[in-house]
1. Can you tell me which residue is surrounded by the most Cβ atoms within 10 Å (Cβ to Cβ) among those in region 55-85 that are in contact with a Ser or Thr (Cβ under 9 Å, 6 or more places away or on another chain) and among the charged types (D, E, K, R)?
2. Consider Leu402 carefully, then state whether it is at pLDDT 95 or above and open to solvent by less than 30 Å² (accessible area, probe 1.4 Å).
3. Select from region 234-263 the residues that are among the charged types (D, E, K, R) and under 18 Å from Tyr528 (Cβ atoms) and write down the one among them that is most open to solvent (accessible area, probe 1.4 Å).
4. What number of residues within region 475-504 are more than 17 Å from Cys432 (Cβ to Cβ) and either open to solvent by 10 Å² or more (accessible area, probe 1.4 Å) or in a helix (DSSP H, G or I) (or both)?
5. Since Ser327 meets every condition but one in (1) open to solvent by less than 10 Å² (accessible area, probe 1.4 Å); (2) of a type outside the set (A, V, I, L, M); (3) over 25 Å from the mean Cα position of the chain (by Cα), which condition does it not meet?
6. Tell me, yes or no, whether region 341-360 has at least one residue that is surrounded by fewer than 20 Cβ atoms within 10 Å (Cβ to Cβ), within 25 Å of the chain's Cα centre (by Cα), closer than 17 Å to Lys409 by Cα and free of Cβ contacts under 8 Å to residues at least 40 places away in the same chain.
7. Could you please let me know if Ser495 is within 23 Å of the chain's Cα centre (by Cα), at pLDDT 95 or above and hydroxyl-bearing (Ser, Thr, Tyr)?
8. State which residue pairs qualify: first residue in contact (Cβ under 8 Å) with a residue 12 or more places away in the chain and inside region 540-567, second residue of a type in the set (D, E, K, R) and buried (at least 16 other Cβ atoms within 10 Å of the Cβ) in any location, beta carbons under 6 Å apart, and separation of 6 or more residues or different chains.
Amino acid sequence: MEIFAEIKEIGDAYAGGFSCGLTMGNSGTMGRFLKQEETQESVTYSGTDGCVLRVKKTPDNDALRVQTSFTNGSDRVIELEMITSFAIRDIDADLVHRLQSCWSAEGRLRTESVTDLHMEVSWNRCAMRVEKFGNTGSMPVRKYFPFVALENSKTGHVIGVQLYSPSSWQMEIRCKDSEKLTLTGGIADRDFGHWTKKLAPGETFYAPEAVIARGESLYEVCDKLVKAQHPMISPIDDHMGILFNEYCTTWGHPTIENLKRIADRIADKGIQYLVIDSGWYGTADAWWDQIGDWDVNEKRFPNGMKEVADYIRSKGMIPGLWYELESVTHASRYFNATEHLLQKDGVPLTVGNRRFWDMEDPWVIDYLSDKVIRLLKECGFGYLKVDYNDTIGTGCDGAESLGEALRRKVLATQRFFEKIRREIPGILIENCSSGGHRLEPSMMQLCSQASFSDAHEIPSIPLIAANLHRVIRPDQSQIWAVLRAGDSEDRLHYSVINTFFGRMCLSGDIYELSEAQWKIVEEGMEFYRKASDIIQNGRTILQQYSTASYNDPTGEQIVLREWGMRGLAIVHRFADSKAVGVPVPAGAKILAEYGSAGNDFSAKAWIYEKQ
């Protein structure tokens, strides 16, 4: 197995073997490059025209961080149409693991054999076999996560990769001359993502990072990839604090009166954050039509947002505020400010009722600095929820290609995240994109937490929440328990136990809950605090389920996560389920338990200690 890199220059030959349009790998460009030097830290290839292709390799705990760079050492402008972040050849594997993702159904494991993918080599080794997948647009976790793992089922050896790419990306699995596989990934190329990049003499381009890990199981490899993520956790957010988000309480109608009522009701519950979601701005009830203006709704908050932020702090909690800062919807006064909006083919890029700010435009950055950063600072908000509810698609005007313009605009968004952090030290940023559409590592490392999904009340929440252990840190994965006055004990246990897969966030009918219902919730909060170090630091060693449907799940799910000698076991029962015993290692001592998995759509959790 060898780690290397590939590029494709416009004008050079494609590989042949019936592969043109499927892959740009094995191109004529690479025929001009020879390996010049290889160390533990890097591999360097030199071209006949003075160009340099380099792969930097940096150990990261039990994983390897890889970044490819290309330097134009020639005396002419070079235009690339493909560059890999990583490439690995001679992988002996027969199974391919991917993670599919749809709205409110993120992270589903898809495992296929090489033969099912029709990736066996041709009889005379003349035809290239290619399996190519990825995503185009500014929602990088849509259809697939930027993740793949290849497994040899005979030896149990697994190699997995995560791409750090916030915009269009691709992965390729190839074979031609051998049954061993080549795996590559990086920016979505010209064929897949309409990407080209011009480089002047002396200019260097850096592809997005990738992290590679190897192990003896998919669980082990995923744990190594996740532990190689190094997010910028706010200093106030290092201990698994509990949140309350009012969206499923007010449904987009927050007011000074109902937020004071919420704060009063939860003030003594040990909740760290109270987050005000959408609907605090605008002049009409249709707040979704006025995204982009960010004028405080004076009917709902006649004294501005500082009054409500101060009140939340007076109750011992940190106030949070929601924005969708990159978008402009059709009732905004800026919807036709075309000089500051993204364009495609010379007209404003419109998706549904949305347009998008040009985040490379200095005027836009000044405007958002005033409307977002200044308001947060002046009012004393310590928490910012950044939502993003549609995708730019293939790309936009503003560079030599649609894909390159998209890449630049999304990187500009990330720079604005960094600006927020600089100007409001210690602020907690939540990464949300219609729930989980931006759960990729480069976005996650800019934030303390993330919305795991928009699946706030559906029965498949435990499936989705457990799926995400493979790709993001559970202590960043914010999972909602929406509490309803009509909930039975089983339903309350089910909802609260969902949050044990990550970070607990409460919402719902908190005014109408009975004392008995609050007792169940508070017992769950206490159990969560006892399990928080396992959630935060542990390793998931089992996710076992049988359902094929997320809309109508059946059977049971069992998840085990361990840290040192202690572990957390979680059981959820769906429709047509069977009774499950206590799923802990033999001889383990039960330290705490919560819930009652006695029938369909019930759940139970245990903290145990191995002897």
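The values are calculated or read from the model by the stated rules, or taken from the named source; none is laboratory data. Keep in mind that what you see is a predicted model, and the values were worked out from it rather than measured. Positions of Cβ are backbone-derived with ideal geometry, glycine not excepted, and every protein chain shown enters the neighbour counts. In case anyone asks, the SASA skips ligands and DNA or RNA and just uses the protein heavy atoms, side chains included. Shrake-Rupley method; radii C 1.70, N 1.55, O 1.52, S 1.80 Å.
1. Glu81
2. Numbers: at pLDDT 95 or above: yes; open to solvent by less than 30 Å² (accessible area, probe 1.4 Å): no.
No, not satisfied.
3. Applying the first criterion (among the charged types (D, E, K, R)) to region 234-263 yields 237-238, 246, 257, 260-261.
Remaining after also requiring under 18 Å from Tyr528 (Cβ atoms): 237-238.
Details: Asp237: 2, Asp238: 93 Å².
That would be Asp238.
4. Residues meeting the conditions: 17.
5. (3)
6. Looking for residues that are surrounded by fewer than 20 Cβ atoms within 10 Å (Cβ to Cβ), within 25 Å of the chain's Cα centre (by Cα), closer than 17 Å to Lys409 by Cα and free of Cβ contacts under 8 Å to residues at least 40 places away in the same chain, one finds at least one in region 341-360, hence yes.
7. Numbers: within 23 Å of the chain's Cα centre (by Cα): yes; at pLDDT 95 or above: yes; hydroxyl-bearing (Ser, Thr, Tyr): yes.
The answer is yes for Ser495.
8. Final answer for the pair search is Thr540/Arg561; Ile541/Glu562; Glu556/Arg573.
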